[in-house]
Amino acid sequence: MSILVYIEQAEGSVKKTSLEAVSFARALSDKTNCGEVVAVALGTVSDAELSNVGTAGASKVFHVADSKLDDGVIQAHAEAVAQAYQKVGAKTLILAKSSLGDAVAARLAIKLDAALVSNVVELPETANGYVVKRSIYTGKAFAQTSVTKENKILAIKKNAVDLKTDGAKASVEKVSLQIADTNFATKITSTDKTTGEILLPEADIVVSGGRGMKGPENWGMIEDLAKELGAATGCSKPVSDIGWRPHHEHVGQTGVKVAPTLYIAVGISGAIQHLAGVNSSKFIVVINKDPEAPFFKAADYGIVGDAFEVLPKLTEAVKAI
Ligand code: FAD
C-alpha cells in the first residue's frame, strides 16, 4: 500500500505547498507504516525538479508529461490523479489546500468514493479510529474529524507542516494515461496578470499597508521593502475601497486570504476582519505608531513607531544583508 500525493506546479516549478504535502505524507507513512510515498506531477516539469521532490519525502514521482495538463484544467487533473491513485493502489491521497487543490479534491472525492478532509493541520490520530485535526472559522478554532471511509483525501493547510529537506532524490517514472478529451472541455486561452510577479495568495512574504500610510503617494515605501524581500504587496479593505490600491490586494475576511511565512503589516489597526485573512501566516510583524493597536496581540514581533521613519530604515537594513 502507498500514499499518493498530488503535486501542483507553476511554470515548471513544484509549489512549496505541495512539498509540504509530501512531507506530511512521509510523516503519515512513517507513523502508520503504510509504505511508499508516491507523488504524481502533471504537465511540463523537468526531471531534475521532480527528483528534488525526494528531499521532502517521496520515493517516487509519477510524471504525466502531457503539456495539455500544464494549465491546471480541473476535470483533466482529477481524472489523471484518479488513474494514478488506482495504479499505485493507494488508500490515501494527500494534497495542498489551494484553489486548484480544492477543486480537484472535490471531484476526486466523488470519483474515488473517498472522505475528504480539508485544512488539515496535524497528522491523524490513528490509535482509536482515524481522527483528523483541521482548522475552521478562518483559523479561529480547530475541529477533530473522525474519518470512517477506506479511501481518504487530506488537504493540508499551508504552513501547517515543517518542510522536510534531507537532500534525497526521488525516482521519476514517466506515465502515460488515457485522459478522454471530454475532460478538456475548458481551456485557458490566455492569462493577463493583474498584479506583479508575485501572486498575493501564494506569496511567501507579504508587505501590507493600511490607512496609516496616509495616501497612495506613500506606497513607494511599501513597494521598496517588498522588492527587497521578494514579497507581494497587500492592503487593508479601506485602502482599496478609497482607491489607493487595487481591490485584488485587499486582504481579509472579504478579500484575499494569505498564508505566507512572513506577513508585515504597516499602519493597519488589526481589526478582526483583517486578521481573518492573515492568521494562517507563520510570522506576523506589525509596525504601528499606536502601542494599543489590536494587531500587536496577533503579532510575533512588533515595532511601535511611525511607518514613515521605520520603513526606510527597515528597507536599508534588508538591503545591507
Ligand atoms: P484604521 O482602522 O484607520 O487603522 C489605521 C492604523 O494605522 C491605526 O492602528 C493607526 O494607529 C495606524 N497608524 C496611523 N498612522 C501611522 C503611522 N504614521 N505609522 C504607523 N502606524 C500608523 N478590513 C480589512 O482589512 N479586510 C477585510 O476583509 C475587511 N472586511 C470587512 C467586512 C465587514 C463586514 C466589515 C464591517 C468590515 C471589514 N473590514 C475589513 C474593515 C475593518 O473592520 C477595519 O475597518 C479595517 O481593517 C481598518 O483598516 P486599517 O487598519 O487600514 O485602518
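Every number in this text was worked out from the coordinates using simple rules, so none of it is lab data. Being a predicted model, the structure only gives us computed values, none of them experimental. A quick note on method: Cβ atoms are made from the backbone with ideal geometry, for glycine too, and the neighbour counts reach across all protein chains shown.
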Throw me the Rg/Rh for segment 64-121, computed over C-alpha atoms with Kirkwood Rh, two decimals. 0.95
Which of Ala143, Ala168, Ser208, positive extreme of dipole for segment 107-209 (C-beta unit charges): Ala143
Amide H contacts under 5 Å for Val256, restricted to residues at least 5 apart in sequence or on another chain and with H modeled in the peptide plane, are His250, Val251
Could you compute Rg(Cα) / (2.2 N^0.38 Å) for segment 1-150, with N its residue count? 0.99
Taking only C-alpha pairs under 8 Å that are 6+ residues apart, what is the relative contact order of segment 47-127 in percent? 24
In whole angstrom, and with the biggest value first, how far do the Cα coordinates of segment 204-321 range along each principal axis? 37, 28, 27
Once you've got the GNM for the chain with C-alpha springs shorter than 10 Å, pick whichever of Arg245, Arg134, Arg26 has the biggest mean-square fluctuation. Arg245
Cα-based convex hull, segment 171-269, per residue volume (Å³, whole number): 169
Rounding to the nearest 10 and keeping the result within 0 to 90°, find how far the Cα-based axis of helix 307-320 lies from the longest principal axis of the chain. 50
The answer for Leu116, listing residues at least 5 apart or on another chain whose modeled amide H is closer than 5 Å to its amide H, is Ile153
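Give me the tail of P(r) for segment 94-231 as a percent: Cα-Cα pairs with distance above 22 Å.
Every Cα pair in segment 94-231 considered, those over 22 Å come to 62 percent.
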May I ask for the distance between the Cα centers of segment 297-321 and segment 45-60, given as a whole number of Å? 37
For segment 1-77, diffusion coefficient by Stokes-Einstein and Kirkwood Rh (Cα), 37 °C, 0.692 mPa s, µm²/s: 264
Pull up the DSSP beta bridges for segment 1-65 and report the antiparallel fraction as a percent, rounded to 5. 15
Under the Karplus relation 6.51 cos²θ - 1.76 cosθ + 1.60, θ = phi - 60°, what is the ordered set of whole-Hz ³J(HN,Hα) values for segment 198-213, x standing for Gly and Pro? 9, 7, 4, x, 10, 5, 7, 9, 10, 10, 10, x, x, 4, x, 7
Quick one: which of Lys31/Lys282; Lys169/Lys227; Lys133/Lys257 span more than 23 angstrom between C-alpha atoms? Lys31/Lys282; Lys169/Lys227
Let me understand the chain better: what is its radius of gyration from the alpha carbons, and its Dmax, in angstrom? 21.0, 61
So who's got an amide H within less than 5 Å of the one on Lys133, skipping anything under 5 residues away but keeping other chains? H placed 1.01 Å off N, in plane. Val121, Glu122, Glu125, Thr145
Dividing the mean separation of Cα pairs under 8 Å (6+ apart) by the residue count of segment 1-110 yields a relative contact order in percent of 34
List, in the order given, every pair from Lys68/Lys149; Lys214/Lys297; Lys97/Lys289; Lys157/Lys297; Lys152/Lys297; Lys87/Lys164 whose Cα-Cα distance in the structure shown is over 29 Å. Lys68/Lys149; Lys97/Lys289; Lys152/Lys297
Could you give the radius of gyration (one decimal) and Dmax (whole number) of the Cα atoms in segment 75-168, in Å? 13.6, 39
GNM result for the chain, Cα springs below 10 Å: residue of Thr191, Thr145, Thr254 fluctuating most strongly: Thr191
Given an 8 Å cut-off on Cα distances and at least 6 residues of separation, report the relative contact order of segment 35-182 as a percent. 32
